[in-house]
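These notes are about the structure you will find just below.
The values are calculated or read from the model by the stated rules, or taken from the named source; none is laboratory data. Since the model is a prediction, treat every value here as computed from it, not as a measurement. When we count neighbours, we look across all protein chains shown, and the Cβ atoms used for this are built from the backbone with ideal geometry, even at glycine. Surface accessibility is based on the protein's heavy atoms, side chains included, excluding ligands, DNA and RNA. Shrake-Rupley method; radii C 1.70, N 1.55, O 1.52, S 1.80 Å.
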Amino acid sequence: YMSYRKEKDNLASVSIQNMRQYLKSFFKWLTREEFISVNPMDKIDIIKVEQKVIDVLSDEEAEIMRCAATSERDLAIIDLLSGSAMRVSELCALNKSDVNFNTREIIVFGKGKKERTCFMTGRAKVHLMWYLEDRTDDNEALFVTSKKPYNRLTKNGVEYILKHIADTSKNPNRRIYPHLYRKTVASNMLKKGADPSTIQNILGHKSVETTLSCYCKVDKENIKHEHEKYIQ
């Protein structure tokens with residue numbers, strides 16, 4: 001079945017490996033409930049997955065995006081994403097009451113309604129305060145659309161904002177999307193020596209294994225640094 005899906009749908013190895021995990025979990029449940037006596041997936045080896053270089057923003061690209069933002073709202077969004085590592089869905093779900101400007105803490109409800117605290121940088125705090133001071137609506141949402149009736153900003157809305165800023169910036173042909181900031185934060189923390197469990201807590205992952213498998217891989221800048229360190 002897995003081979004058929006790979007060939008028919010031209011699936012990547014990572015998709016086939018995920019499929020293997022889903023099937024193994026399903027048959028494990030069948031075994032536990034005594035519908036079957038043996039898990040047939042135990043005989044299926046782990047699928048080798050291609051290791052891809054993580055796509056992250058360089059310092060120059062990040063600053064170009066900030067310079068191209070034309071409103072306090074957009075600057076606040078960029079600075080929150082790049083400083084807190086929260087998911088775009090978490091950012092869109094935020095209310096004004098979730099933000100504590102004194103402590104620079106933000107209460108976020110992640111996957112599974114799990115609550116955690118995110119932190120914002122000083123510049124994110126400044127631009128968020130200025131944005132909220134200019135607001136004239138009474139919507140409880142932290143971020144709203146720029147035109148009436150000022151509805152809560154959605155994931156698609158944030159994606160459009162970042163794409164528009166990128167298209168009008170000096171980042172030619174660079175695809176900028178919300179999750180790119182989350183990956184960049186994790187990658188930068190790893191390069192600076194942060195413990196994986198700390199990165200896990202900041203990202204809001206259930207397990208450190210998820211953090212290691214998704215983000216803590218060698219990126220191009222690490223390779224370049226090691227090359228210069230040992231070869232040049």
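For the chain, which span is the longest to avoid every loop-located (per DSSP) member of chymotrypsin sites (Phe, Trp or Tyr not before Pro) having at most 16 other Cβ atoms inside 10 Å?
Result for the longest clean stretch: 151-232.
Determine the sum of side-chain charges near Val38: Lys and Arg each +1, Asp and Glu each -1, restricted to other residues whose C-beta is under 13 angstrom from that of Val38.
So the environment of Val38 carries a net charge of +2.
Give the residue list of trypsin sites (Lys or Arg not before Pro) in segment 111-172 that are DSSP loop and have at most 10 other beta-carbon atoms within 10 angstrom. Please report the intermediate quantities before stating the final value.
Working: sites: Lys111, Lys113, Lys114, Arg116, Arg123, Lys125, Arg135, Lys147, Arg152, Lys155, Lys163, Lys170; in loops: Lys114, Arg135, Lys147, Lys170.
Answer by residue number: Lys114, Lys147.
Rounded to the nearest 0.05, what FRET efficiency do Glu7 and Lys163 give with R0 = 41 Å and r taken as the Cβ-Cβ distance? Could you check?
After rounding to 0.05, the efficiency reads 0.75.
Let me have the 222 nm mean residue ellipticity of the chain computed from DSSP H runs of 4+ only, each contributing -39500 (n - 2.57), with the sum over all residues rounded to the nearest 500.
Result for the chain, helices only: -16500 deg cm²/dmol.
GNM on the chain, C-alpha springs below 10 Å: top fluctuator among Asn100, Asn139, Asn173?
Asn173
How about segment 1-35: which GluC sites (Glu not before Pro) there are in a DSSP loop, with at most 15 other Cβ atoms within 10 Å of their Cβ?
Filter output for segment 1-35: Glu33, Glu34.
Express in whole angstrom the spacing between the alpha-carbon centres of segment 115-149 and segment 12-40.
Between the Cα centre of segment 115-149 and that of segment 12-40, the gap is 45 Å.
Here are labelled values, (i) 0.94; (ii) 1.01; (iii) 1.22, and one is the computed Cα Rg over 2.2 N^0.38 Å for what I pasted. Which one?
Working out Cα Rg over 2.2 N^0.38 Å from the coordinates points to (iii).
Can you give me the % of accessible surface on the chain that is carbon or sulfur? Probe 1.4 Å, all protein chains present, nothing else counted.
Of all accessible area on the chain, carbon and sulfur atoms account for 53 percent.
Give, as a single signed number, the net charge of other residues whose beta carbon lies under 14 Å from the beta carbon of Phe26, with Lys and Arg counted +1 and Asp and Glu -1. Display every interim value, and only then the final one.
On the way: positive: Arg20, Lys24, Lys28, Arg32; negative: Glu33, Asp42.
Charge balance in the 14 Å sphere: +2.
Compute the accessible area per residue over segment 1-119, keeping the other protein chains in place, probe 1.4 Å, unit Å².
65 Å²
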